[in-house]
Structure formats: C-alpha cells, structure tokens
1. Go through segment 388-428 residue by residue and tally those that are surrounded by fewer than 16 Cβ atoms within 10 Å (Cβ to Cβ), in contact (Cβ under 8 Å) with a residue 12 or more places away in the chain, farther than 30 Å from GLY158 by Cα and of a type in the set (S, T, N, Q).
2. In segment 179-220, what residues are surrounded by fewer than 16 Cβ atoms within 10 Å (Cβ to Cβ) and over 24 Å from TRP388 (Cα atoms)?
3. Answer with yes or no whether VAL373 is under 27 Å from LEU210 (Cβ atoms), in contact (Cβ under 8 Å) with a residue 40 or more places away in the chain and either out of contact with any strand residue (DSSP E or B) (no Cβ under 8 Å at 6 or more places or on another chain) or of a type in the set (A, V, I, L, M) (or both).
4. Take segment 118-137 and flag every residue that is over 25 Å from the mean Cα position of the chain (by Cα) and of a type in the set (Lys, Arg).
5. Quick check, is PRO169 assigned by TED's automatic domain parsing to the domain that holds ALA66 and modelled with pLDDT of 95 or more?
6. Let me spell it out: the conditions are (1) closer than 18 Å to GLU278 by Cβ; (2) surrounded by 14 or more Cβ atoms within 10 Å (Cβ to Cβ); (3) touching a residue at least 12 places away in the same chain (Cβ under 8 Å), and LEU361 meets all of them except one. Which number is the exception?
7. Pick from LEU206, LEU246: which is in contact with a His (Cβ under 9 Å, 6 or more places away or on another chain) and either modelled with pLDDT of 95 or more or not assigned by TED's automatic domain parsing to the domain that holds GLU121 (or both)?
8. Give me the helices (runs of 4 or more DSSP H) completely within segment 291-393, filtered to those with at least 2 residues that are under 21 Å from ASN404 (Cα atoms) and modelled with pLDDT of 95 or more, ordered by residue number.
Amino acid sequence: MSSSPSPTTSVPVTSGLLCQKFELANGLVVLITENQIANIVAARIFVGAGSIREVTEQAGLAYLMAATLTKGTVRFSSAEIAEQVESVGASLGIERAPDYFLLSLKTVANDFLDILTLAAELLRYPSFPEPEVELEKKLALQSIRSQQEQPFTMALKGLRQSLYPQGHPYTQIGPGDPGPIAQIQSADLHQYHQTYFRPDNVVISLSGNLKAAAAVQFCQKVLGDWQTPEQQLPPPEGLEQAAKGLLSTTAGSNISVMTQPTQQSIVMLGHLAPSVQEPDYAALKLLYIYLCSGLSSRLFVELREKQGLAYEVSGFYPTRLGPSQFVVYLGTATDNTAIALSKLQAEINRLRQQPLSSEELETAKSKLLGQYVLGKQSNAQLAHLMGWYEALGLGIHYDQTFPNQIASLDAERVYQAACQHLQQSHISLVGSEAAVQPWLTPS
C-alpha cells in the first residue's frame with residue numbers, strides 16, 4: 001500500500017477538536033475529525049451531483065439516483081446491501097439536494113471500515129436495475145400527486161415559479177414534475193453516474209473514534225484506484241442555464257394564487273437573496289434569525305402572540321450556490337387572509353424603513369452564533385458541516401469565517417442588505433376560493 005498523504009490544512013472546529021483535510025492522488029478529498037468521546041464514527045460523502053447538474057428535460061434525475069443507488073450493485077442485490085447495513089446496526093441514507101448528492105453513514109468504530117467499503121461499492125458500481133427504477137418512478141409520481149393536496153407545498157411551488165425562470169433547478173420540490181420523471185430510464189442514470197460520480201467530484205467527511213492516518217490509508221485502499229476521467233468535470237449545466245434565465249427574465253407577475261378547499265390560507269412572501277458566496281449572505285442570515293427563528297422571533301411575537309393572525313408563522317433562507325430565496329410565511333384563518341398578507345408585508349417593509357436597534361442586533365447575533373455552536377455537538381453534525389463547506393467550495397476554514405462575519409455585522413450593514421435584497425415581494429397565496437377571490441385574475 002502506498003504511503004498516506006499528509007494533511008493539506010487543518011482547522012479547529014470545537015472543544016479542542018481538529019478537522020484535517022487530505023487529498024488523494026485522484027483528487028478525492030478526505031476530511032477527518034478525530035473525536036474519541038464515543039465509540040461511533042459518522043461519515044458524510046458529498047458528490048457534486050444535485051439538481052443543478054440536471055438539464056430541464058431530465059429534471060428529477062438526481063432524485064431517482066438517490067432512490068435507486070442502494071437497489072443493487074455489480075456484486076450485491078438490494079437485499080444483500082440492506083443485510084450488510086442492518087446486521088451490524090449501522091445506518092446508511094442517501095439524499096439529493098439542489099447543490100449536491102449525499103450519502104450518510106453511522107456505525108460503531110469496529111464496523112466502520114466494512115460499512116465504508118460498502119459505501120465505496122455503491123458510489124462506484126451501482127447497477128440501477130430496471131424493475132427498481134420503474135418502481136421508484138411510480139412512487140415518485142405518487143408523491144407528486146400527493147403534494148398537489150398540500151397547501152404549503154403548493155404555495156411554495158407557486159412562489160418559486162414566480163421567483164425563478166421556468167426550468168430553474170431551485171424550483172423543484174420533492175421529485176420534481178411528472179413529465180421528465182416519467183421519461184427517465186436506467187440508461188440515463190448510468191450516464192449521469194458516469195459523468196458526475198468521479199473521485200475529483202467527491203468529498204468524504206469523517207468524524208468520530210478513528211485515527212486520521214489509519215482512516216486516510218483505508219480511504220486510499222478502497223477508493224485510491226478510482227480513476228479520474230480525462231474529460232474535465234462539466235459545469236453545473238442547470239445552474240448555468242438558470243443564471244442566463246434570471247438575467248434575461250423581464251418583470252412579470254409577482255403573485256401566484258391557487259384555490260384549494262381548505263380551512264386555512266397559506267400566505268407566503270419571497271425575495272431572491274444572495275448565494276452563500278456573496279457578501280450579503282451573512283447579513284441576510286441574521287435577518288432571517290431575527291424574523292423567523294424561535295418563539296422570540298419578530299414574526300412569532302408580533303403576528304401570532306400579539307395579533308393572533310397565525311396558526312403557524314416562520315420562514316427560511318436556504319444556503320445555495322446560486323441565487324437563493326428569502327421566504328416568510330404564515331397559515332391563517334381564511335377570513336384573515338387579507339390582513340395577514342398586509343401585516344406580513346409590513347414586517348418586511350419595516351426592515352427597509354429603519355435599521356435594527358442595538359438590542360435587536362445583538363440578540364439576533366447571540367441567537368445565531370449560539371445555534372451555530374450547538375449545531376456542532378455530534379459526530380454526524382461535525383462530519384456534515386465540514387463536508388458541506390468543502391463541497392460548496394467554501395473550504396473548511398469557513399467554519400471560522402462565518403462566525404467572524406456575523407460578529408462583525410453592524411446595524412447599518414444589515415439595513416443596507418435589507419434595502420437591497422428585500423424590495424418588491426413575490427407573493428404566493430393558497431386558500432379557499434372565497435379567501436383568495438380578491439387576487440384571482442378574472443377569466
């Protein structure tokens with residue numbers, strides 16, 4: 001066996017723990033955080049193969065990849081894969097996100113090498129059996145039909161279609177749309193796998209009771225002979241097309257209205273917001289925490305506790321490689337739809353009309369930084385966070401950069417970010433015909 005590489009960099013992550021970064025000769029990145037507090041090892045394996053790597057005609061391809069990757073390899077059947085995982089009490093999960101594909105593992109330290117070997121088999125040699133692919137397509141189509149009965153999901157779909165041009169990968173919810181899903185075949189999955197599942201597009205992040213030298217040696221043993229193709233890794237085609245669409249999109253309707261026979265209305269406001277690589281990302285994260293995070297958040301206190309307008313009220317600002325979305329929403333009684341929309345819009349407008357007070361700013365900072373620290377307590381959390389940063393191209397040093405960015409924010413910087421990014425709101429409403437009648441376009 002060849003000697004293991006030395007770490008290219010390392011950063012402290014929490015309570016004396018150090019995350020070390022290694023790179024194998026084939027370009028595969030290995031991150032290791034030694035943590036002997038429990039006899040557990042967690043792994044997060046990121047592949048640059050999310051929705052942004054799809055073309056519009058094959059939207060949902062990464063979703064089906066996640067659903068079928070464990071359904072068979074060249075050596076193992078679906079049942080044999082499940083048996084290997086369950087026989088040692090390990091866990092193995094696969095998901096696709098907009099910007100990446102993720103394989104998650106957790107096991108006791110003594111069984112880790114065997115489970116990582118199985119993970120390498122899944123990454124390199126999936127077989128995508130035709131019957132399994134057809135079954136997962138049927139299940140995906142059932143899921144899409146089920147979503148059409150969920151008011152929140154439909155409101156979110158309408159909002160994203162208002163924010164982004166048609167076919168943008170960030171408009172996808174769940175499996176995507178039925179048309180492209182129904183057309184995908186096993187051969188398409190093989191082609192997608194061959195294109196994006198390659199060592200120079202993979203980050204393996206490990207945390208737990210293991211030694212870095214031994215762990216990187218084993219990664220080299222099971223994955224070091226994985227050959228990097230001569231062809232350059234294609235750019236994220238879906239995101240490239242979407243960026244052109246965003247630039248060329250002319251101002252159109254910024255309101256989506258759908259009727260459903262429901263006892264409450266969903267009122268949702270959204271704005272295009274900075275990607276994780278833009279300067280105002282930290283400021284918008286702080287505003288999200290101020291407005292939406294917890295029982296002391298501005299929206300919860302004002303709209304639910306004081307005014308009684310909301311059954312639920314919250315929001316989200318997901319971290320994205322491309323233009324993200326800053327969203328606030330509430331569920332309200334149908335009779336309150338108009339006033340709930342007005343009050344929710346007023347809270348967004350307030351951020352552009354006056355800066356946060358010193359007390360509001362410091363409270364939001366403390367809450368965000370506290371949540372950040374609490375999000376690094378377990379091996380699974382550490383493995384995910386460090387791998388996620390590396391997979392997004394931010395590097396593991398971002399674990400220190402982000403808290404420093406938050407701590408350095410002042411009220412004026414946050415105010416200017418709100419003025420720039422939270423201008424005209426896109427609106428999505430779902431409710432009974434009587435509740436949303438004022439916003440329906442006459443036929």
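1. Result for segment 388-428: 1.
2. Scanning segment 179-220 gives GLY179, ALA182, GLN183, GLN185, ALA187, HIS190, GLN191.
3. When the stated conditions are applied, VAL373 passes them.
4. Answer for segment 118-137, where residues must be over 25 Å from the mean Cα position of the chain (by Cα) and of a type in the set (Lys, Arg): there is none.
5. no
6. Condition (1) is where LEU361 drops out.
7. So the residue among LEU206, LEU246 that is in contact with a His (Cβ under 9 Å, 6 or more places away or on another chain) and either modelled with pLDDT of 95 or more or not assigned by TED's automatic domain parsing to the domain that holds GLU121 (or both) is LEU246.
8. Helices (runs of 4 or more DSSP H) meeting the threshold: 358-374, 379-391.
The values are calculated or read from the model by the stated rules, or taken from the named source; none is laboratory data. Predicted, not measured: the structure shown is a model, and the values here were computed from it. Quick reminder, even Gly has a Cβ in these numbers, built from the backbone with ideal geometry, and neighbours come from all protein chains shown.
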